[in-house]
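K.L.:
Please read through the structure below; I'll follow up with questions.
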Amino acid sequence: MRSARGRPNLTDAYLGLPYAWEMLRGIEERNRRMLRARDAMDRAFAQPLDIPALARVAHSSPAHFSRQFRAVFGETPHRYLQRRRVERAMELLRETERPVTEICFDVGFNSLGTFSRTFSEIVGESPSSYRVRFADGGGALRVPACWAMAWMRPAG
Amino acid sequence: MLKRITHTFIHVLDQDEALDFYVGKLGMVVHTDADIGVMRWLTVTLPDEPDLQLALMLPGPPAFDDTTAGQIRELVSKGAGGGGVIFETDDCIGTYERLCAVGVEFTQEPTERFYGTDCALRDPFGNPIRFTQPPEGPIVVPSPEELRAQA
């Protein structure tokens, strides 16, 4: 039952499907490329990322990239990046006293109007209202950023 | 009473490639590499911590049927495999720079936090890894006022 080098010990029944192994490797390879693009958004959200740049990270064409990303992660890369930036803004609103106008640019938005509109749409209230309500409700959350980024990116 | 943790497990998609990474790049050492017929039992440890083995598990039959193994592989490759390792280091920035130079894929540069300096990376398959360098002295959770002052 020793497997061929590099190939897991999948049984003959599975490998008997003529292209099952190649198909699986194709899916894994695509997932890994999409994960690389998602990691790039988590790492470089403050930079002016756009779909062509992310598609390059994912070794995909801009036309296919959004569709592939959505197939893997359930939302478009544009939406993922918006929620990442809003999540980072929420932390800065909670844990710093930086003005909203500066936080907007800190997290990668290039217009206050787009930031406020996107934030309100995702969070359900404006950045300043969120800040006031959070301060009233007990102050900063003292958790590691990796935890916050994994679990506090707003859903919905 | 339970005494200590001796083994922990992570799914990998290729055990030879896993050795290249965990041993060749991260500097772990092979503890056991045994062909036991139905599977290859492969564990690694840190040189200074031989009593905690990380088992590099290849999903497949008979432990998992083919379909399940395929699903696990898909999840690992999208970063959703569920496994992961956090290593303590005495030199986060130096380790980061050394591994960057050999092509390791970092997802977060070394960053100072109240719990230390840490950075994040992925193994070749998508599993998340962190290196944390604890602060000198005890970890003190800052008050909201101190956090605001730092930021």
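The values are calculated or read from the model by the stated rules, or taken from the named source; none is laboratory data. Predicted model only: the values in this text are computed from it and were never measured. All Cβ positions, glycine included, derive from the backbone under ideal geometry; neighbour counts span all protein chains shown.
K.L.:
If B:Thr117 satisfies every condition in (1) touching a Cys at 6+ places or on another chain (Cβ under 6 Å); (2) hydroxyl-bearing (Ser, Thr, Tyr); (3) not in a strand (DSSP E or B) but one, which is the exception?
P.N.:
So the condition that B:Thr117 fails would be (3).
K.L.:
Within the range A:28-48, is there a residue that is at pLDDT 90 or above, closer than 24 Å to B:Asp16 by Cα and surrounded by fewer than 18 Cβ atoms within 10 Å (Cβ to Cβ)?
P.N.:
Yes.
K.L.:
For residues in the range A:133-153 being at pLDDT below 80 and among the aliphatic types (A, V, I, L, M), which is nearest to A:Arg88 (Cα to Cα)?
P.N.:
A:Ala145
K.L.:
Going by the conditions given, is B:Cys119 more than 13 Å from chain A (Cβ to nearest Cβ), farther than 28 Å from B:Thr68 by Cα and either crowded, with 18+ Cβ neighbours inside 10 Å or hydrophobic (A, V, I, L, M, F, W, C) (or both)?
P.N.:
Criteria not met by B:Cys119.
K.L.:
Of the conditions (1) under 14 Å from the mean Cα position of the chain (by Cα); (2) farther than 25 Å from B:Ile139 by Cβ; (3) not aromatic (Phe, Trp, Tyr), B:Leu52 satisfies every one except a single condition; which number is it?
P.N.:
Answer for B:Leu52: the failing condition is (2).
K.L.:
Return a yes/no flag: does the range A:39-46 have any residue that is more than 25 Å from B:Gly126 (Cβ to Cβ) and more than 9 Å from every other protein chain (Cβ to nearest Cβ).
P.N.:
No, the range A:39-46 contains no residue that is more than 25 Å from B:Gly126 (Cβ to Cβ) and more than 9 Å from every other protein chain (Cβ to nearest Cβ).
K.L.:
Considering only residues that are within 15 Å of the chain's Cα centre (by Cα) and within 11 Å of chain B (Cβ to nearest Cβ), which ones fall in the range A:58-98?
P.N.:
Within the range A:58-98, A:Phe69, A:Ala71, A:Val72, A:Phe73, A:Gly74 meet the criteria.
K.L.:
For a quick check of your reading of the model, give me the residue pairs whose first member lies in the range B:49-74 and is outside any loop (DSSP other than H, G, I, E, B), whose second is modelled with pLDDT under 95 and of a type in the set (Gly, Ala, Ser), with beta-carbon atoms closer than 6 Å and at least 6 apart or on different chains.
P.N.:
These pairs meet every condition: B:Ala69/B:Gly60.
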